[in-house]
Protein chains: 2
Amino acid sequence: MPNPRYAFEDFAPGDTAEYGDLVVDRDDMVAFAEEYDPQPMHLSEQAARSSMLGELIASGWYTAALLMRMNCDRWLVDSTSMGSPGVDSVEWRAPVRAGDRLTVRSEVVAARASRSRPEMGVVSFAFDVVNQDGVVVMRQVNAVMFGRRDAGAV
Amino acid sequence: MPNPRYAFEDFAPGDTAEYGDLVVDRDDMVAFAEEYDPQPMHLSEQAARSSMLGELIASGWYTAALLMRMNCDRWLVDSTSMGSPGVDSVEWRAPVRAGDRLTVRSEVVAARASRSRPEMGVVSFAFDVVNQDGVVVMRQVNAVMFGRRDAGAV
């Protein structure tokens, strides 16, 4: 395996990026809901008709999963990531529909060395998932632990 | 369709419940990771060997999806839920492994009528996902919007 490309030192507060280009597949979206979030508005056009919005929309957890996929593809798998302690917040701001084309806008909001574990640092990101109309459908703030280049992680 | 069983009025701060009984299926856990979170520690025993924990563990998003499933099965699908504005926090506290038996402990932390929308109220929950050893593997705090019984939702 080659060394990962991104380590703690590669993320500085204020850094921004845009990436991802993922078209929401209707059947994959529904299959996710059948397995993990079987609420009527996520299951079929017909079942959704009497729901609040009256139309088939993605589970918010599916949107979160798609963001994770886009993060993995763009940088996470090619990094010294040591996992995440958790998520600071998730806002589901607008519906995601089958056929939507999603991209990510990310910003580094904080980066700090760990005091207790000098081999790593923690980076906080704000991720906006944006649809083809420029609407932010989900905002997520979360932290990722990275190995440090100066501690020999790369 | 019969009327849903649970409405806004059925949730009061301090209410607790325990439910769910779900054994983590190794292949389902890996299939989720292949699709949405293809980091080595989630993909196979072998790929995980050189990761931080050295063993195959679930994606945190998979654990979140399993919590959603247990919530749907126990009460969410049989309620006046109008969806969720988002999640206040997620903490992934301990690894989830194939074969783990997971349950949920929930607590209502707040319940307030909506000022702008008298037909609904918002309930905040704290959910602990607990494994067979009594270890809290994930804590999540999030809000759900419910139709009100006294506004004719049921």
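The values are calculated or read from the model by the stated rules, or taken from the named source; none is laboratory data. Quick caveat, the model's predicted, so the values are computed rather than measured. Counting neighbours? That spans all protein chains shown, and the Cβs are built from the backbone with ideal geometry, glycine included. Note: accessible area is taken over every heavy atom of the protein model, side chains too, but ligands, DNA and RNA are not part of it. Shrake-Rupley method; radii C 1.70, N 1.55, O 1.52, S 1.80 Å.
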Table column - 3J(HN,Hα) (Hz), the range A:77-90, Karplus curve with 6.51, -1.76, 1.60, x for Gly and Pro
5, 9, 9, 8, 3, 10, x, 10, x, x, 10, 7, 6, 10
Ascending list, in nanometres, of distances separating the A:Arg49 label from those of the other copies (7 Å, Cα toward Cβ)
5.6
Residues meeting the amide H criterion for B:Tyr6 (H placed from the backbone, H to H distance under 5 Å, 5 or more places apart or on another chain) are B:Ser79, B:Thr80
Asserting the computed 222 nm helical MRE of chain B (DSSP H runs at least 4 long, -39500 (n - 2.57) per run, divided by residue count, to nearest 500) equals -5500 deg cm²/dmol
Principal axis lengths of chain A from Cα atoms, whole Å, largest first?
56, 28, 27
Which percentage, to the nearest 5, of the DSSP beta bridges contained in the range A:1-121 is antiparallel?
90
Euclidean distance of C-alpha centroids, the range B:70-119 and the range B:1-17, integer Å
12
Contour excess over end-to-end distance, with Cα ends at B:Asp133 and B:Ser116 and 0.36 nm allotted per residue
1.7 nm
With everything on Cα atoms, drop me the angle between helix A:60-71 and the longest principal axis of chain A, reported from 0 to 90° to the nearest 10.
40
In the A-B interface, the accessible area buried, summed over both sides, Å² (probe 1.4 Å):
2900
Under a no-solvent Debye model with one identical scatterer per Cα of the protein assembly as shown, what's log10 I(q)/I(0) at q = 0.16 Å⁻¹?
-1.43
All Cα pairs of the range A:19-83, percent lying beyond 20 Å
37
Please determine, in degrees from 0 to 90 and to the nearest 10, the orientation of helix A:26-36 with respect to the longest principal axis defined by the Cα atoms of chain A, where the helix direction is its Cα long axis.
80
For A:Arg5 and A:Ala47, what does the FRET efficiency come to when R0 = 45 Å and r is the distance between their Cβ atoms, rounded to the nearest 0.05?
0.55
Using only alpha carbon pairs under 8 Å that are at least six residues apart, calculate the relative contact order of chain B and give it in whole percent.
31
